[in-house]
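The values are calculated or read from the model by the stated rules, or taken from the named source; none is laboratory data. The structure presented is a predicted model; accordingly, all values stated were derived computationally and were not measured. Counting neighbours? That spans all protein chains shown, and the Cβs are built from the backbone with ideal geometry, glycine included.
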Amino acid sequence: MDPSAFDEVLRAQPPRFTSEEASQIAERTFGMEGSARSLGSERDQTFLIEGGGRSAIMKVSNSVESPDTLDMEVLGAIHAHEADPDLPIALPWAAPGADPDSDGAAAFRVRIEAEDGSHFVRMYDVIPGRASVDESTLSDGALRYWGETVARLGKALRGFHHAAADRVMLWDVQHAPLVRPLVPSIEDPRARDMVTRVLDRFDEVVTPIWPSFRTQVLHGDLDSDNVLVDDGGFVCGIIDFGDMSHTAVVTDLVSVLGSALSNRSGREVIRAARVVVGGFQDVVPLQADELRVLGELVATRIAAGVAIESWRAAQHLQEAEFALRDIPRAVGIVESLEAIGYEEIASSWGGPAR
């Protein structure tokens, strides 16, 4: 695969600071004293810093991450918050002595040097809530609210523009054709066959109509790893704008559906999805073509994840056990969609007849 085809950060090793080092970094950069606990992350490092009655989330960027991309994250979160102040968005802190009015987005990051190169450190608010959830336990009310929330966030980001948004993120379903060269990295034959079928279907059905879709800058990865939920499973926090890009309006909904359907099977897959879609459409009605291929888009998002994680594991960019842990579940979801049939799914979710 051409290494210039997608964002360089997906090919780079993440930072490897210890918790003790992270605690020192937090104090040195943002004056935040306290212990550091790693929260795990794919491309960067994220720590919970606690001490002195205060807490914060510290993110240490990958050494190859562009400062323009980090600035886009900050500006996007602030823009969405200003457009819809009731959205529970984790907001960045300005660095000590920095002035956002004069320094702009650079006021929210501090550069540090390490053996593997430069890293940018950012500090974010802590939002109360749980960072993990079994999606199959979510009530219909929680699923609908998830759909409403992702639509509200997309609506709040309307009018936001940034040069760094024109990037190739493999998670973004519009770039599904770039995933095909990664398929040989998938060791399990059943998973490999599934991904191939989904990519073939995307080429046949989605590619011809993709140019007609509405587009804007979106969050890009609003799955269960990037939201916090309350005790009832309702979204109470939105985090990590690191996958922002300019793409189709429907893309964030696709991300949510790919996550919300985890641990569901059979017809429960399309029933639960219909609830999420309904919540989304209460805020942002979908157009006919978007609904017509929504099932294919969800399958493509899931299939792309299988290929990317398999490739990252093969390249030793992630621990294989961690990277491949969800592949059997992903295969099961897509096979449930295929068994029902994309035409029936489109009709069930409110799409026009084909």
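Every condition in (1) buried (at least 16 other Cβ atoms within 10 Å of the Cβ); (2) closer than 20 Å to Val198 by Cα; (3) more than 18 Å from the chain's Cα centre (by Cα); (4) touching a residue at least 40 places away in the same chain (Cβ under 8 Å) is met by Ser347 except one, and the failing one is (4).
If you go through segment 185-202 one residue at a time, do you hit one that is among the acidic types (Asp, Glu) and either closer than 19 Å to Thr149 by Cβ or buried (at least 18 other Cβ atoms within 10 Å of the Cβ) (or both)?
At the first step, the residues of segment 185-202 found to be among the acidic types (Asp, Glu) are 187-188, 193, 200.
Adding the requirement that they be either closer than 19 Å to Thr149 by Cβ or buried (at least 18 other Cβ atoms within 10 Å of the Cβ) (or both) leaves none.
No, because not a single residue in segment 185-202 is among the acidic types (Asp, Glu) and either closer than 19 Å to Thr149 by Cβ or buried (at least 18 other Cβ atoms within 10 Å of the Cβ) (or both).
Here is a check on your reading of the model: is Asp101 over 19 Å from Asp243 (Cα atoms), surrounded by fewer than 22 Cβ atoms within 10 Å (Cβ to Cβ) and out of contact with any helix residue (DSSP H, G or I) (no Cβ under 8 Å at 6 or more places or on another chain)? It is true that Asp101 is over 19 Å from Asp243 (Cα atoms), surrounded by fewer than 22 Cβ atoms within 10 Å (Cβ to Cβ) and out of contact with any helix residue (DSSP H, G or I) (no Cβ under 8 Å at 6 or more places or on another chain). A Cβ distance below 6 Å, combined with a sequence gap of six or more or placement on separate chains, defines the contacts here; from segment 151-165, residues that are assigned by TED's automatic domain parsing to the domain that holds Asp223 and buried (at least 19 other Cβ atoms within 10 Å of the Cβ) reach residues that are in a loop (DSSP other than H, G, I, E, B) and of a type in the set (Asp, Glu) in the pairs Arg152/Asp84; Ala156/Asp84. Of the set (1) surrounded by fewer than 22 Cβ atoms within 10 Å (Cβ to Cβ); (2) part of a helix (DSSP H, G or I); (3) touching a residue at least 24 places away in the same chain (Cβ under 8 Å), all apply to Gly237 but (2).
Residues are listed down the side, and each one gets a yes or a no for (1) more than 30 Å from Gln315 (Cα to Cα); (2) modelled with pLDDT of 90 or more; (3) hydroxyl-bearing (Ser, Thr, Tyr):
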position: Glu187; (1), (2), (3): no, yes, no
position: Thr196; (1), (2), (3): no, yes, yes
position: Val205; (1), (2), (3): yes, yes, no
position: Asp231; (1), (2), (3): yes, yes, no
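When Asn226 is tested against (1) out of contact with any helix residue (DSSP H, G or I) (no Cβ under 7 Å at 6 or more places or on another chain); (2) crowded, with 19+ Cβ neighbours inside 10 Å; (3) modelled with pLDDT of 90 or more, exactly one condition is not met: (3).
Tell me which residues, restricted to segment 32-81, are in a loop (DSSP other than H, G, I, E, B), among the aliphatic types (A, V, I, L, M) and crowded, with 22+ Cβ neighbours inside 10 Å.
Within segment 32-81, just Met32 meets the criteria.
Look through Asp243, Asp289 and report the one residue that is in a helix (DSSP H, G or I) and of a type outside the set (Val, Ile, Thr). That would be Asp289, the only listed residue that is in a helix (DSSP H, G or I) and of a type outside the set (Val, Ile, Thr). Whenever a residue of segment 186-206 is at negative phi, its partners that are of a type in the set (Asp, Glu), lying with C-beta atoms within less than 6 angstrom and at least six residues away or across chains, give the pairs Arg201/Glu296; Val205/Glu296; Val206/Glu296. Look through segment 158-190, keep the residues that are outside any helix (DSSP H, G or I) and closer than 19 Å to Leu297 by Cβ, and return whichever of them is farthest from the chain's Cα centre (by Cα). Here the residue is Val168.
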